[in-house]
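The values are calculated or read from the model by the stated rules, or taken from the named source; none is laboratory data. Because the structure is predicted, anything quoted here is derived from the model rather than measured. All Cβ positions, glycine included, derive from the backbone under ideal geometry; neighbour counts span all protein chains shown. For accessibility, only protein heavy atoms count, side chains too; no ligands or nucleic acids. Shrake-Rupley method; radii C 1.70, N 1.55, O 1.52, S 1.80 Å.
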Amino acid sequence: MRTSHKINTEEKNLVKLKVRNMKLRCIECGREYPIDEVRYRCDCGDLLEVVHDLNDLDAENLRELFDKRWGSMQFPYNSGVWRYKELILDVDDKFIVSKPEGNTNLYRAGKAGEYAGVKRMFLKHEGENPTASFKDRGMTCGVTAAKMLGCKKVACASTGNTSASMAAYASIAGMEAIVFIPEGKIAFGKLAQALAYGAKTLQIEGNFDDAMQLVQQVCSELNIYLLNSINPFRIEGQKAIAFEILQQLNWEVPDWFVLPGGNLGNNSALSKALRELYEIGIIDKIPRIAVIQAHGANPLYRMWKNKTPFKPVQAETIATAVKIGNPVSWKKSIRGLKWSNGVVEEVSEQEIMDAKAMIDRAGIGAEPASCCTVAGTKKLVEAGIINKDDLVVGILTGNLLKDPDSVVNYHLSRLKGIKSTYANRPIKIKATVKAAKQALIES
Ligand code: F0G
């Protein structure tokens, strides 16, 4: 497969990027490429990342700038991504495609925190983004890059959230969206979004890993811009979760960040963001990162736990968003775990759904994959790795309404192999006051 390609563009020449002090660099061999070249991999085959020149950035000035923009109603600083544009993609505003995203709540975890066993826990709800998942932060940046490069067609493989997000942003930017999804294996809310926003939706006979392989080949052969998190601009936008959380904590650095791991882009972005803030001098320590995988989709956990080379697995889990056996960003993820003295944990289907019931009942709510966060925190507290007194920030990646089937089936005790420990069953009654009274007394 080619490692770089031309893209379909109306203009003969690519729009020259007006981007300050940025380049692409291979995470393995260090080879550098210009930022306006369409490529996702180095010639050596490894992943690329965006490198910023951080030398001319002053910590004090930058923090002041970000704080001044907080609450702005003005484009593009009304976005919780573009507020930090100097550390993401310092580009002319005319290219920016924004919904606007971010500005999501950082909740006190309440009952969910008690369940996890920590005294000070916050949950950052990335399901409150415009298309209801954390993907919007990376996507605004990815689609902006596509616009700068003059692309007219964009594509991704997805377990559902990336495709929903890409479909929406592509539509706003006037681009054609093509999504590759595993047939019958994505949550209904997500499929509905891709169709509704007008993406050409290819349901492939295969799983997400097959779709990921296929989309890379198709993009390369048909000169379509690839918007999976292998695209280094996606990772840049995703970094804004860390920036926004720290700003919401008035720049107090938590002891832990806990988040689910699937294709492993999000935790790679988080560690990159924290390292850059540390290098600039905005924070004086790097928090520890805990990546939580579903037991049935745990290649990073196996590698980390057994200290063995990376080996893909056949993935199966109720948390369909992270049903991924061969994650593309595992190398970036491992590097980030080293930077942050991080850990990897796995959780069972039962642990995911019980934690989900707790997060939902706390009035916060999230889709199953997100709930690895609380399930994993609980396990790490019980193992003595996270301290009860630590300040913990868990990231909830997707909205409860993305996957209503999992909710209803849990509460109706219809999930095979999973006990509905905290079921809240609906009660069927006749339409009379008497029947209502009786039901209320009995329940
Ligand atoms: N949580 C949710 C809700 C997700 O949709 C995903 C990934 C993850 C966690 C894992 O994040 O891949 O960065 O480690 N969903 C992708 C998709 C793969 O296609 O929507 P990751």
>> Please determine whether any residue of region 72-82 is open to solvent by less than 70 Å² (accessible area, probe 1.4 Å) and over 23 Å from the mean Cα position of the chain (by Cα).
In response: yes
>> Against the condition surrounded by fewer than 24 Cβ atoms within 10 Å (Cβ to Cβ), outside any strand (DSSP E or B), on the phi < 0 side of the Ramachandran plot and within 16 Å of the ligand (Cβ to nearest atom), how does Ala192 come out, does it pass?
In response: yes
>> Please count how many residues of region 116-150 are open to solvent by 20 Å² or more (accessible area, probe 1.4 Å), touching an Asp or Glu at 6+ places or on another chain (Cβ under 9 Å) and more than 10 Å from the ligand (Cβ to nearest atom).
In response: 4
> With (1) among the hydroxyl-bearing types (Ser, Thr, Tyr); (2) part of a loop (DSSP other than H, G, I, E, B); (3) within 16 Å of the ligand (Cβ to nearest atom) as the list, and Ser98 as the residue in question, which single condition is left unmet?
Replying inline: (3)
>> Among the residues of region 171-179, are any under 19 Å from Gly237 (Cα atoms), assigned to a helix (DSSP H, G or I) and in contact with an Asp or Glu (Cβ under 9 Å, 6 or more places away or on another chain)?
In response: no
>> Among the residues of region 91-115, what is the count of those that are more than 19 Å from Thr162 (Cβ to Cβ) and open to solvent by less than 40 Å² (accessible area, probe 1.4 Å)?
In response: 7
> What residue, of Val218, Val253, is open to solvent by 10 Å² or more (accessible area, probe 1.4 Å), modelled with pLDDT of 95 or more and either within 18 Å of Met166 (Cα to Cα) or of a type in the set (Ser, Thr, Tyr) (or both)?
Replying inline: Val218
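Take region 258-274 and flag every residue that is touching a Pro at 6+ places or on another chain (Cβ under 7 Å) and more than 6 Å from the ligand (Cβ to nearest atom).
Within region 258-274, Leu274 is the sole residue that qualifies.
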>> For region 151-169, which positions are within 13 Å of the ligand (Cβ to nearest atom) and either part of a strand (DSSP E or B) or touching an Asp or Glu at 6+ places or on another chain (Cβ under 6 Å) (or both)?
In response: Ala155, Cys156, Ala157, Ser165
> When you scan region 354-394, how many residues do you find that are more than 14 Å from the ligand (Cβ to nearest atom) and not basic (Lys, Arg)?
Replying inline: 21
>> Would you confirm whether or not region 302-311 contains a residue that is assigned to a helix (DSSP H, G or I) and buried (at least 20 other Cβ atoms within 10 Å of the Cβ)?
In response: yes
> Yes or no: Lys338 within 25 Å of Lys124 (Cα to Cα) and of a type in the set (Lys, Arg)?
Replying inline: yes
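Could you tell me whether Ala315 is over 25 Å from Glu49 (Cβ atoms), open to solvent by 30 Å² or more (accessible area, probe 1.4 Å) and of a type in the set (A, V, I, L, M)? Spell out how you get there, then give the answer.
Numbers: over 25 Å from Glu49 (Cβ atoms): yes; open to solvent by 30 Å² or more (accessible area, probe 1.4 Å): no; of a type in the set (A, V, I, L, M): yes.
For Ala315, the condition - over 25 Å from Glu49 (Cβ atoms), open to solvent by 30 Å² or more (accessible area, probe 1.4 Å) and of a type in the set (A, V, I, L, M) - is not met.
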>> Can you confirm whether Thr317 is more than 16 Å from the ligand (Cβ to nearest atom) and either on the phi < 0 side of the Ramachandran plot or not in a helix (DSSP H, G or I) (or both)?
In response: no
> Could you say which residue among Ile172, Ile178 is more than 16 Å from the ligand (Cβ to nearest atom) and aliphatic (A, V, I, L, M)?
Replying inline: Ile172
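Please go through region 235-265 and pick out each residue that is touching a residue at least 60 places away in the same chain (Cβ under 8 Å), assigned to a helix (DSSP H, G or I) and either of a type in the set (A, V, I, L, M) or over 24 Å from Glu49 (Cα atoms) (or both).
Of everything in region 235-265, those that are touching a residue at least 60 places away in the same chain (Cβ under 8 Å), assigned to a helix (DSSP H, G or I) and either of a type in the set (A, V, I, L, M) or over 24 Å from Glu49 (Cα atoms) (or both) turn out to be Ile235, Ala240, Ile241, Ile245, Gln247, Gln248.
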> Which pairs have Cβ atoms under 7 Å, sit 6 or more apart or on different chains, and link a residue in region 416-443 that is open to solvent by less than 70 Å² (accessible area, probe 1.4 Å) to one that is assigned to a loop (DSSP other than H, G, I, E, B)?
Replying inline: Ser420/Ser413; Ala423/Ser413; Ala435/Ile429; Ala436/Ile429; Ala439/Ile427; Ala439/Ile429
>> With assigned to a loop (DSSP other than H, G, I, E, B), more than 10 Å from the ligand (Cβ to nearest atom) and either small (Gly, Ala, Ser) or at pLDDT below 95 (or both) as the only criterion, which of Gly296, Gly325 stands out?
In response: Gly325
> Looking at region 198-212, which of the residues that are within 14 Å of the ligand (Cβ to nearest atom) and not in a strand (DSSP E or B) is surrounded by the fewest Cβ atoms within 10 Å (Cβ to Cβ)?
Replying inline: Asp210
> Which residues, counting only those in region 9-36, are open to solvent by 40 Å² or more (accessible area, probe 1.4 Å) and modelled with pLDDT of 90 or more?
Replying inline: Lys23, Arg25, Glu28, Cys29, Arg31, Glu32, Pro34
